[in-house]
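Working notes, structure below.
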Amino acid sequence: MFPTNHKTIFVLDHTPYFGISSDFPIEFDVSKSRGPGYVPLPPVCKSLWTCSVEAAVEYCRIVWDLFPEGKLIRFVVSDSAAHLLNTWAVAQQNLTHILNGLSLVGPVRRGAGGDVVGLCAAIEALGEPSPTQSSRPTTERLFQNRGRIICITSARDDDSIRSLAEIALNALVQQNKKLSMVPPTTSADADNTQSLVVHYCHLVIVNVTPEKIETRVNNQPLTEMGGGLMGVEVIVSRASALANLLGRLVLPHYKLATTTVTGIPMKEEQNASSSANYDVEIIHSSEAHAGLRAAQTAAEALESVVLRWWTPRGAEGGASGCSGPLWRVTPADVASRPSACLVNFLLNGRSVTLEVPRKGGGRSASHVLAAQGGELWIGALGGRMPYDDPPALSEGAGGRVTDYRIKEFGSVMQQNKLLPLRGAGANGRARARLQRHTTYWPLTISSTIIFNLGPVVEPLSRLVVQETLSEAEVEACRGVLLSLLGMESRHESPAAPLPSNVRVKWCGRREDQWRQVWGELEALVRAHAASPAHRALLRTLLECRGHNHSADGESRASVIRATTDSPLSPVGAGGGGGGGAAGSSAGAGDVWAPRNALEALLGAPRPPRRPDFAGRMAAGNRVATLYSHLQDVEAQH
């Protein structure tokens, strides 16, 4: 109910050590055109106190921009005493109140003191209930009171850090013990101010050092102390990198993520007629990247996702165009000129569509960036937008874009629409029709010849898919077969001219091409040989195929029957010239063909062309042993 980031306390070390220079020079005089005799101003260096204050304030700015309610932060300045700059009241949760308190504290002064008193005061502040916690009745106060303390200090070595953590743990244990011994009050006013037991405290100790001073403090990962009552994490940082460090720590503390908006067109200050592309990093909830990183690691969560600026023509602006959830957005570097320009652009009522960069080209809109109610929002676009480019077929499972039979596939879809039918067996009939239409249906242009011949096989390819055939339709199909038989007798090539960007797989000798033509025709007719008219057409096809491949048609047909009756021939390889053999074979439907469209969609395995070896089938998962009886014979001799 109340996570660890519900209450966060900054403990800032205000001892004399933090008054020293950070040894990181900053150019104060940036102007280059000066008159003769001008002495340039020397660079300036911030103090450790200034660096720590700026970093903590930037941390608060990000949190309060994204979470106007529910995430509370307090400041404790520690020197000779603990100075509490604010409380858990909502009215004091703003940068104006914090900066006013820091101005009253003033610069670092000489004197004794340290961060121990500040840590003890922070432990006591964690026990104070927040307004949301105090509003709950006493009977419902079964929640876990957890919080985080970020202590910015500077220690000599690891022993000093360990001693500081032990002091904080001891103070937490003593406070919880004292609160457990106090009987609960009955007054409603007293219940609102009664301290709570701290169930868990995440202590982050940030050890800050100047640029030119070596430190003997090492980074330490999160370590549990006091039986899970406190988790201690030690981070070492230079003063110049402290702001970036806290800007990165805020991401895992509040489950945030960053997005780099790249390719932002912006006019140059020196030349208003020219423009350049800039990048702006924004911070928002990590849930906005759920569609981009479904299973991201901890390292990937800290990396910024790059999205390209894209404002499509005719797109409706505003966050109202996004039907999904919205998350607040704040710039990572609020003082930079590109960030200020982007914020002003959005606050003026404009919106930006962000797309995922693709190496292969194309556009895919993923997010929309807009302002609403004076705040910046980012929303994830669910699914494709109307102005997105349609996905290319090349992104699918194999094949070339120009090689797919796209129009023919659309015709098959139109012929096999599923409609609500009454009566028993309606689903079975629809599935049988789809199975019959897709048993032999080449997916690509380069894998077939007969479907590229056009008018030559047009009546047959159009009529054979019908459930029944009339006598006139059968005669029309026979005419197509006789026409093909005449073309083969005249030694004409069946190859049809194809586009230059289609790679054919059937180019070769003319005899091989005609052999493939008759094989495809047989597979097509066998797939639809469910009625007597279809079986009669199949017998005619087998007679034509056998007659033109031998000087003697009868001898050729007998050879076909002899080879197809052999147990070594593949299933459905021939079919026999007689009516009974053709009819039985067609009725069984045992014809091997390349994987059809239905099997590709359903993922059905291709049937084997011949039975597996008996020894391998008997061995199962073991290695099959060949000629095992010969080993027994050798053993006897």
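The values are calculated or read from the model by the stated rules, or taken from the named source; none is laboratory data. Quick caveat, the model's predicted, so the values are computed rather than measured. Methodologically, a virtual Cβ is constructed for each residue, glycine included, from the backbone with ideal geometry; neighbour enumeration extends over all protein chains shown. Side chains included, ligands, DNA and RNA excluded: accessible areas come from the protein's heavy atoms. Shrake-Rupley method; radii C 1.70, N 1.55, O 1.52, S 1.80 Å.
At a glance:
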| quantity | calculated |
| --- | --- |
| Computed accessible area, I123, all protein chains, 1.4 angstrom probe, square angstrom | 0 |
| Backbone HN-Hα couplings from phi across segment 437-446 [Karplus 6.51/-1.76/1.60, Hz, Gly and Pro as x] | 6, 10, 4, 10, 8, x, 7, 10, 6, 6 |
| Area of I406 that stays accessible when all protein chains are in place (1.4 Å probe, Å², to 10) | 90 |
| Accessible surface ranking that places the most exposed of S52, S364, S411, S80 first, with a 1.4 angstrom probe | S80, S411, S364, S52 |
| Cleavage-rule hits (GluC sites (Glu not before Pro)) in segment 1-90: DSSP loop, at most 12 neighbouring Cβ within 10 angstrom | E27, E69 |
| Cα-Cα over 19 Å, subset of K7/K178; K71/K255; K46/K212 | K7/K178 |
| Within segment 1-82, trypsin sites (Lys or Arg not before Pro) in DSSP loop having at most 16 other beta-carbon neighbours inside 10 Å | K32, R34 |
| Heavy-atom surface of segment 20-123, accessible at 1.4 Å and reported per residue (Å²) | 53 |
| Carbon + sulfur, % of accessible area of segment 41-157 - ligands and nucleic acids excluded, 1.4 Å | 56 |
| Y627 accessible area, 1.4 Å probe, all protein chains in place, Å² to nearest 10 | 150 |
